[in-house]
Structure formats: C-alpha cells, structure tokens
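The structure appears below as structure tokens.
The values are calculated or read from the model by the stated rules, or taken from the named source; none is laboratory data. Keep in mind that this is a model prediction, so the values were computed, not measured. All Cβ positions, even for glycine, are placed from backbone atoms using ideal geometry, and neighbour counts span all protein chains on display. Only protein heavy atoms, including side chains, enter the accessible area calculation; ligands, DNA and RNA are left aside. Shrake-Rupley method; radii C 1.70, N 1.55, O 1.52, S 1.80 Å.
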Amino acid sequence: MKIKMLLKTALFGMSVLGPVLAQAEILAMVNYESKPKQTPRREGIAIIDVDPDSKNFGKILNDIPLPPDTVAHHIFYNKDMSKAYITALGNGPLRVMDMKQNPYRIQKVAVSDCQVAEDMVFSGDNKTWYLTCMGSSNVIVGDAQTDKQIKVIEANEKDTFIRYPHGIGLQEDIDRMIVTSTVRPSDLGDAGNSVSVIEASTGKVLSTHQLSDESSAKGVAPVEAVFLPHAHPPMAYINTMFGGKLWRATWKTVTKDFDFQPVYDFSTIQQGVPLEIYFNQKHDRLYVTTANPGALNIFDISQSTGNPILIKSIPTAGGAHHVVFSPDEKYAFVQNSFLNLPDMDDGSISVIDLQKMEKKASIDILKNQGFNPNSIVMLPQWHRDTAH
C-alpha cells in the first residue's frame, strides 16, 4: 500500500512539474544575414531559445534558409498570429509564413507596385494589411485573408505627399494612419522631415506635417510611428532617426487632426539614431532603442502618457534596434544590428534584466558565425506585443 501511495505521489508530482519544465524556454524568431564582405552570402531565420534559465539558452533550435538576395528586414504577425509576414529590401518585397504549419513554409506575396518593403500594420478584424514601400514611395493595401494587393496609396503634391515611407501607425477608432518620410533607400540620402496622415478607410492622404527643428534643413528622417494602445485621446510616438528626438502626435477631437510636439532629445544623454518604439503590457512604460552607441531607454509614462520621463538608459551594443519581452516582462531582448552600418552592426542579442535594469547576458551565436540579426519577434506562444 505504501509503495502504491508513493507511486501515486510521484506521478502526481510529474504531472504538475511536467508543464512547468516544458515551459523552461522562451523562443524567439530572428532573421539574419551575412556581415559585409562575408562570402558566400547567406540569409535565414533562426529560432533561438532566449530564456536565461533554459539549458538551451542562446542556442539555435531551428534554422530556416532564405534566398541570399532577399535582404529580409522585418517580421510582423497578423492579428491572430496565424501568419508571419517578412518584409525585404531586396528581391521580393514581401513573404508570408504559415505559423500553423510545422515545419514552417515561406511563400512570396505578389506586390508588383512595391519596392523596398518596410513596415506593416493590420486592421483589427484581421481582413486588411497596410505595407510601406520606401523605394516606390507608396503604401500598399492588401487582403489579409488572400494576401492579394487591393490598392496603392500614393501622393506627390507640393504640400501633401508620401515620400520614402518607413514607419506606419494605425488607429482605427479615428480612421487614421500616420506614415513617416524617412530616407532614400539606395544611399540613405534625401532625408525627410515629415509625416503624412491618411484616412485609413479610403486611403486618402489628408495632410503632411513637418517635424521641424534646428536641424530640419539637413533632414531629421522620421522613422517609426507607433500608437499607444488605449490612449485617450489617441496618441502616437514618432522617432526622428537623424534628428535624434522623440515626438508625440496627439489627436484633437474638435478639429480632427493631430498636434505634433517634440518630447525628448536623445542628444542630452549622448545617444543617437533612435529607432524602435515599444510599450509594456500595462502601457505605463515606454521603451526606445538608440543604435549609436546602442542602448535601451526606459521611460515612465504612468503619470502622463504624452510626457515621458527617462528612468534609465541601459547600454546594449552597437546597432540596438528591435526588442521583444518575456511574457512576465522580467527580461527584454535587444537585437543589435542596423542595416550592417559601421559601429551599428554588433550582431549580438542583449538580455536585459528589467527588474534590476541592467544587462544580464549576451547571445552571440549569430555574431560568432559572421551573421547580423536584422529583427527579432517572439514565437506566438510568447508574443504579447499589442502595439505592432
């Protein structure tokens, strides 16, 4: 009888511990490419265990090849995370991966009017996607079920235009999108100074707004535009890559347009090239990466959503770019490489302890093989980002 009881206890313990042990991993998907002058050139998508407490920490668990001329750039999920979309700067601007099928399979999406694909957003009903095309200066609207191109949004008037669009934010409650005018992709020249506002339901380009300051004559290159979820009134944050500033765009209900104001200057902390914008799940913290010299900047927006207060700037490595977070928000994982540019091409992934607010570890497996990661997203099981 005692032996039976011991066996039952042991089996019960295994049933409880089994799921816990099975979750001792956090898997991220990282698209990578060879460092400059490495031959033969190689690209792919690596699935890496980024959990510092896992026995497989820092290891590549799966490696999915991509054509070497893709220049894969960003990865975006649709609303139910059944698909992952891969934008590219090279051959074939858009690809889609079926996340319900394992092994994963990648298919090209035909978008003949798009050159140099950058960012994507999706409608809340998961029926429509919007894709910025920096090389062709337009925004492509697509059917998110069939992945067929529906419409091309473009404008080239003197005061209202879309030029070299990169970042895109969508706020369906007010039927508006904001797209940034960044740089000419061939040489990063002709930097823009503006963002354009689009009526999402019609694709009409309503207005273009200068994010002007002392350096505007040189081009401040607005790069990302991200709406803060559930903000009242609606509000987006915008980074100026060359201007080195963080701006906010606040919706004015009466006039139905935005007020644009600068809210932080990264030069005051000797940081440059601000890139990506993220929020925590409570939406009371704002995270901004700066690529040169490389840092994750943490802001408090709990007291005022439109007036961020810097809590800490945590050094990562050159080229700090995209960020993902562990589901419990204990860790942030920062991908350190920006377009293979000098001093911004470290190639590592920094693990940041958000409780201690310090760098805990560095994942160097891609870097040590001569690769640079271009973006990072969690696999759907661990994905919690509602702003992108």
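On a per residue basis, the stretch 192-270 carries 43 Å² of accessible surface, using protein heavy atoms and a 1.4 Å probe. Of all stretches in the chain that contain no GluC sites (Glu not before Pro) in a DSSP loop with at most 14 other Cβ atoms within 10 Å, the longest one is 1-156. Principal-axis analysis of the Cα atoms of the chain puts helix 2-22 at an angle of about 20° to the longest axis. Here the contact order of the chain, divided by its residue count and restricted to Cα pairs under 8 Å and six or more residues apart, works out to 11 percent.
With a simple spin-label model that places each label point 7 Å from the Cα along the Cα-to-Cβ direction, the separation between T160 and H230 comes to 3.5 nm.
Among the listed pairs K35/K108; K282/K356; K83/K360; K83/K151; K158/K256; K108/K282, give every one whose C-alpha distance is greater than 29 Å.
On the way: K35/K108 24 Å; K282/K356 19 Å; K83/K360 32 Å; K83/K151 21 Å; K158/K256 22 Å; K108/K282 36 Å.
Over 29 Å apart, Cα to Cα: K83/K360; K108/K282.
Taking amide H atoms as placed 1.01 Å from N in the peptide plane, the amide H of T182 lies under 5 Å from those of H166, G192, each 5 or more residues away in sequence or on another chain. With a Förster radius of 25 Å applied to the beta-carbon distance between D364 and S186, the computed FRET efficiency rounds to 0.20.
Enter the accessible area per residue of the stretch 46-163 (Å², integer; probe 1.4 Å; all protein chains in place).
Using a 1.4 Å probe on heavy atoms only, each residue of the stretch 46-163 averages 44 Å².
A crude spin-label estimate for the pair L310 and K79, with each label 7 Å from Cα along the Cβ direction, gives 3.8 nm. With contacts taken as Cα pairs under 8 Å at a separation of at least 6 residues, the stretch 140-287 carries a relative contact order of 15 percent.
Under 5 Å between amide hydrogens, built in the peptide plane, is the criterion, and for D257 it picks out K252 among residues at least 5 positions away or on other chains.
Expressed as a whole percentage, what fraction of the accessible surface of the stretch 262-388 belongs to carbon and sulfur atoms when a 1.4 Å probe is rolled over the protein heavy atoms?
Details: 2240 of 4770 Å².
Carbon and sulfur together cover 47 percent of it.
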